[in-house]
Amino acid sequence: MDVPRIATRLSVATSGDCDFVREFDYLLAAPPSQDFPMHLGFEELDELAFAAAAGGNLHARPTRWTAKNLGTVIELQWLATAGIRVPSLNDLVASRRVQLVRSIGEGRNTAVFEREKCRSRLIRCYWAEDEEPDEWYEFCRSLQAAAIVAGFPTKNAQELVAATRELVSNVFEHSAAPTTGIVGFATLSNELEIVVADQGIGVLQSLRSSPEFSALRDSGEALQAALTDGTSRFGRSSGHGGGFRNLFRGLLNLSSSLRFRSGDHALSINGTNPQLEIARIGQKVKLPGFIVCIVCRR
């Protein structure tokens, strides 16, 4: 497993041997009049979360963060829910992704942004499991159309919609808190991002409810098990747990970056034709629920 780099950096910072921590401390101590625009991707967010969990004051000086993707914004919100003092939405440069998440946070069931090839939608899982409201149908239709407009083959677009539907079904079946679920997508030129997230019990607790997976030691092992075909809290012989098969099929021949986040771990897969065999698992700051973020490029 990857060792959290921030932990190493914090441990050597007192000896002055770490450029990152010296720079980070400088930024925190900068005069309030100085404003440092910085990009915020998953790597930066992981570092900030570790620093905040270690007692760093990330609000001591103004910083305008530019979120790289929708998943970063949602994970930022989940960390805040867990009590981690990371930057807030107000600390992010206003963008369509930030506006979508803010709209959902204000109580709206759906939020939409469409402009030529730049299309984004976010929807809250507000319906009952045995229902399929018109807004959810429209979301799926719009996702497929947006993927095709962005240049993805129709077959890939259809399979990604099927995978998204299965991931949302998992929220209802396994999270124990389906009303916290949200699902969104964003396209930009030749890139498509899909995010499905909930603030439920998380993958580890869900799988441990089955005697078959009671020996799982941590969220890292649980994530790896959950992504194995046929695995679910209902057991391997239940016929459940095939949702990620659709996801990997939909990403066939596409350059992709996948991040699965639950509890205090993240599992990442990068490359063309992503497979579990090339996954990287790393320890992170603990957050609630489960977040799946998929970024694919044609």
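The values are calculated or read from the model by the stated rules, or taken from the named source; none is laboratory data. Note that the coordinates shown come from a computational prediction; the quantities given were computed from them, not determined experimentally. Methodologically, a virtual Cβ is constructed for each residue, glycine included, from the backbone with ideal geometry; neighbour enumeration extends over all protein chains shown.
Brief remarks on what is shown
- Single residue of segment 140-150 satisfying the filter (farther than 22 Å from Ile182 by Cα and in contact with a strand residue (DSSP E or B) (Cβ under 9 Å, 6 or more places away or on another chain)) that is surrounded by the fewest Cβ atoms within 10 Å (Cβ to Cβ): Val149
- Matching residues in segment 78-101 - criterion: being farther than 21 Å from Trp136 by Cβ, crowded, with 18+ Cβ neighbours inside 10 Å and touching a helix residue (DSSP H, G or I) at 6+ places or on another chain (Cβ under 8 Å): Leu79, Ile84, Val86, Pro87, Leu92, Val98
- Looking only at segment 77-130, and only at residues there that are aromatic (Phe, Trp, Tyr) and outside any loop (DSSP other than H, G, I, E, B), the one that is farthest from Ile148 (Cα to Cα): Trp78
- Hits in segment 177-217 - residues which are closer than 30 Å to Arg298 by Cβ, crowded, with 21+ Cβ neighbours inside 10 Å and among the aliphatic types (A, V, I, L, M): Ile182, Val183, Ala186, Leu192, Ile194, Val195, Val196, Ala197, Val203
- Those residues of segment 199-218 which are assigned to a helix (DSSP H, G or I) and either more than 16 Å from the chain's Cα centre (by Cα) or without any contact (Cβ under 8 Å) to a residue 60 or more places away in the chain (or both), in sequence order: Leu204, Gln205, Ser206, Leu207, Arg208, Pro211, Glu212, Phe213
- Only one entry of Val183, Val196, Val168 meets the criterion of being assigned to a helix (DSSP H, G or I) and either of a type in the set (Val, Ile, Thr) or touching a helix residue (DSSP H, G or I) at 6+ places or on another chain (Cβ under 7 Å) (or both), and that entry is Val168.
- Filtering segment 237-295 to residues that are in a loop (DSSP other than H, G, I, E, B) and either among the acidic types (Asp, Glu) or modelled with pLDDT under 90 (or both) leaves Gly239, His240, Gly241, Gly242, Leu251, Leu252, Asn253, Leu254, Asn273, Pro274, Gln275.
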